[in-house]
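S.K.: Before I ask anything, here is the structure I am working with.
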Amino acid sequence: MQRSQQRADTPPAHVVVIGGGISGLAAAHRLVAAGVRVTLLEATDRLGGKLMTGEVAGVQVDLGAESMLARRPEAVALAEAVGLADRLQPPATATASLWTRGALRPLPKGHVMGVPGAPAVLGQVLSPEGLARIAEERDLTPTPVGDDVAVGAYVADRLGREVVDRLVEPLLGGVYAGDAYRISMRAAVPQLFEAVQEGGPLLEAVRRIQERAAARQRTGPVFQGLDGGIGTLPAAVADAVRTGGGEILTATPVLGLTRTESGWAVRTEARTVAADGIVLATPAWSAATLLAAESPAASAELSGVEYASMALVTLAFRRADVEAHEALRGRSGFLVPPVDGHTVKASTFSSNKWRWVADAAPDLFVLRTSVGRYGEEEHIHREDGELVALSQRDLAAATGLTARPVDTEVTRWIGGLPQYPVGHLARVARIRDEVAGLPALRVCGAVYDGVGIPACVASAHRAADEIVRDLTGRITGVETGETTGEITATPTRVRGTGSEAGQ
C-alpha cells in the first residue's frame, strides 16, 4: 500500500528528445502517451526533417518525402493517432515507367527491388544479350553471401550487370540515392538476403518471396499519402505532443551532453536542461559529436556513416501546355538508370499521382524531378536556374514537354539520406551495444533501421519503449531501496526530485 502511494505521488520522469524530424517527433509522441514528461529540442527553426511542404504557383506540395509505405503499419498508425485518418490518400495511379534506351518503357512487374522472378518481364528493358545472360544462372556455381553482400555485386554475379544497371540501380537509387554495387542486401532488401541464404538460383529465391507475399494475402494500397502533403504529418504529431503536455523548442541546438549523478545534463545556448533519459534522434554526424565524450566508440562508429545529397526540382506548367503530350498521361512518373547518363534520376508527375494536387490546381500540372545521388554531389552545387534548365532538358527528351513552367522551386537536401553499405547492420549493432552502456539513452532515426517513414517511426518507438523500461526499472529500484534504507544506491532524479533549470 505504501509503495502504491509512492508511485502515485512520484512526478513523471523527464526525457529530452534531441532532434525534431519525424523520428524525434514519433519518439516524443510515444513517450507522452506513456506518461513521461518530454522536452523536444530541435536545432533548426522548423520541425519535420525531410518531411516538408511548400508552394509552387500557389499550390501546396511536398518538397521532401511524398508518400509512406502502407504495408508497414507504423507510419499510417501514427497519422491516424494524431487525427489525420480522414486525410490518408493512396496514389491515384501507380503506373511508373523507366526512361531507358531512349524511350519511356513500362516498369516491369514481378520483381523484388528490381531483381526479377522471371526474365520474360524484362523484354522491353534488357537487350537480347542481357536476357540470355539471365538464362545462364541455373548453370552457375553458388555465390556465397556470408554475413552480408552488396545487392548489385551479387545480382550482377548471378544475372549479369544489365539487370543491375537497368533495373536494380534506378529502383534502389529511388530509395537510398545510393550505388547498388555498394548497398547492403542484408540492410536494404532483407527478405532477398534471407531467401538467397536458403540456396538455389536467385530467380527461384525471388519467386519464393513472391509466393510468400501472395500467401499473406495483403490487401489495400502499398503506399499512402496525405491530402495536403506528407509534410503536414510533423505538425500534427507536434500538436499531439504539446496537447499531451510535451514541450517543443525549435532553434535550440544542443551543444553537449554530460552524465550527472542524477541522470543527464543537456546543454544549450540558453540553459542546461536536466533529464532522466535522452532519445537521440539526429543524423549520424550530430549524434557522433554529442556522444564523443560519453561514448567514444559509438561516436567513432557514427562518424563513419556516409550520406548522399540530392535536389528536388518542382515545376508547375499550364495544363493546356501538357495535355498534348501522351507521355505525361496516366503515368505517376519515371525512373532513370544512371547508366544512361542523364542528369535527372527520377520524375514524379504529382498532378497525376496525387488527387489532392490535381484538385487544388485543376488548371496546372505539377511535377518534380530529382537530381544527384551518392558520388554525384556536384549537381547539388549548381545554381537553381541551371538545375531547372537541366531538368527541363531531360523532361523534353523523355516526354517531349518543351513548354516553359509558370513557376519552379528547387529544394536541396544536403546529407539527405544515410548510406547502407555492406556491413551496415553490424555497425548499427555495435553502436547500440555501446549506447546500451549509457543510462537511459537511446538512438533512433534513418541511420539505424531503414530510411522510410515507417522504419523511422518504428525506430523511434523502439527507442522510446526501451527508455520507459529503463526508467521504470530504475524507479522500481528507488522504491525498493527506500524500504530497505538503500536509497543512496539509486539516482533520485529518476523520481523527479531535485530542481531543473528553466522548469
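S.K.: Hey, how many Å between the Cα centroid of segment 179-247 and the Cα centroid of segment 406-452?
M.R.: Between the Cα centre of segment 179-247 and that of segment 406-452, the gap is 16 Å.
S.K.: Hey, what's the Kirkwood Rh for segment 333-373 if you take every pair of different alpha carbons, in angstrom?
M.R.: Evaluated on segment 333-373, it is 11.1 Å.
S.K.: Where does each of Asp384, Asp340, Asp86 land when they are ordered by accessible area, with a 1.4 Å probe and the largest first?
M.R.: The residues order as Asp86, Asp384, Asp340, largest area first.
S.K.: What order do Tyr448, Tyr307 take when sorted by accessible area (1.4 Å probe), most exposed first?
M.R.: Tyr307, Tyr448
S.K.: Tell me which of Gly114, Leu104, Val125 sits at the most positive position along the dipole axis of segment 97-140, charges placed on C-beta atoms (Lys, Arg +1; Asp, Glu -1).
M.R.: Going by the Cα projections, it comes out as Leu104.
S.K.: For Asp449, Asp148, what's the largest-to-smallest order of accessible area, 1.4 Å probe?
M.R.: Accessible-area ranking of Asp449, Asp148, largest first: Asp449, Asp148.
S.K.: With every protein chain in place, what's the accessible area of Glu55 (1.4 Å probe, Å², nearest 10)?
M.R.: 120 Å²
S.K.: Along the charge dipole of the chain, Cβ charges K/R +1 and D/E -1, which of Ala274, Ile453, Val206 sits furthest on the positive end?
M.R.: So the residue we want is Val206.
S.K.: Can I ask one more? Would you tell me the accessible area of Leu255, worked out with a 1.4 angstrom probe on the heavy atoms of the protein chains, in Å² to the nearest 10?
M.R.: Roll a 1.4 Å probe over it and Leu255 shows about 80 Å².
S.K.: Going 7 Å from the Cα of Glu55 toward and past its Cβ, which residues in segment 394-419 have a backbone nitrogen under 16 Å from where you end up?
M.R.: 406-410
S.K.: Under the Kirkwood approximation for Rh and a Cα-based Rg, what ratio Rg/Rh is obtained for segment 1-92?
M.R.: Checking Rg against Rh, the ratio lands at 1.12.
S.K.: Excluding ligands and nucleic acids, what accessible area in Å² is computed for Arg267 using a 1.4 Å probe, to the nearest 10?
M.R.: Roll a 1.4 Å probe over it and Arg267 shows about 120 Å².
S.K.: Percent of accessible area on the chain owned by carbon and sulfur, 1.4 Å probe?
M.R.: For the chain, the apolar C and S fraction of the accessible surface comes to 51 percent.
S.K.: Another question about this same structure. Binned at 10 Å from 0, what are the whole-percent values of the Cα-Cα distance distribution for the chain, short to long?
M.R.: Spelled out per bin, shortest first, that is 4, 18, 26, 25, 16, 8, 3, 1, 0.
S.K.: Taking the Cα centre of segment 106-244 as origin, sum charge times position over the Cβ atoms of Lys and Arg (+1) and Asp and Glu (-1), and report the length of that vector in debye to the nearest 20.
M.R.: 380 debye
S.K.: Among the lysines, select those whose C-alpha is under 19 Å from the C-alpha of Lys353, and discard any that sit fewer than 8 residues away in the same chain.
M.R.: Lys109, Lys345
S.K.: Taking only protein heavy atoms into account and a 1.4 Å probe, give the accessible area per residue of segment 389-449 in Å².
M.R.: 39 Å²
S.K.: Send over the Kirkwood Rh of segment 182-290, from the inverse of the averaged 1/r over different Cα pairs, rounded to one decimal Å.
M.R.: 19.2 Å
S.K.: Given 25 °C and 0.890 mPa s, compute D for segment 49-206 with the Stokes-Einstein relation, Rh being the Kirkwood radius over Cα pairs; round to the nearest whole µm²/s.
M.R.: Diffusion coefficient, whole number: 138 µm²/s.
S.K.: Can you give the log10 of the normalised intensity I(q)/I(0) at q = 0.17 Å⁻¹, computed with Debye over equal Cα scatterers of segment 105-162?
M.R.: Debye output, listed in q order: -0.57.
S.K.: Okay, moving on. About the Cα centre of the chain, what is the dipole size in debye to 20, counting +1 per Lys and Arg Cβ and -1 per Asp and Glu Cβ, all else neutral?
M.R.: 800 debye
The values are calculated or read from the model by the stated rules, or taken from the named source; none is laboratory data. Please read these numbers as outputs of a predicted model, since none were measured by experiment. Cβ atoms come from the backbone with ideal geometry, glycine included; neighbour counts cover every protein chain shown. Just the protein is used for accessible areas: all its heavy atoms, side chains included, with ligands, DNA and RNA removed. Shrake-Rupley method; radii C 1.70, N 1.55, O 1.52, S 1.80 Å.
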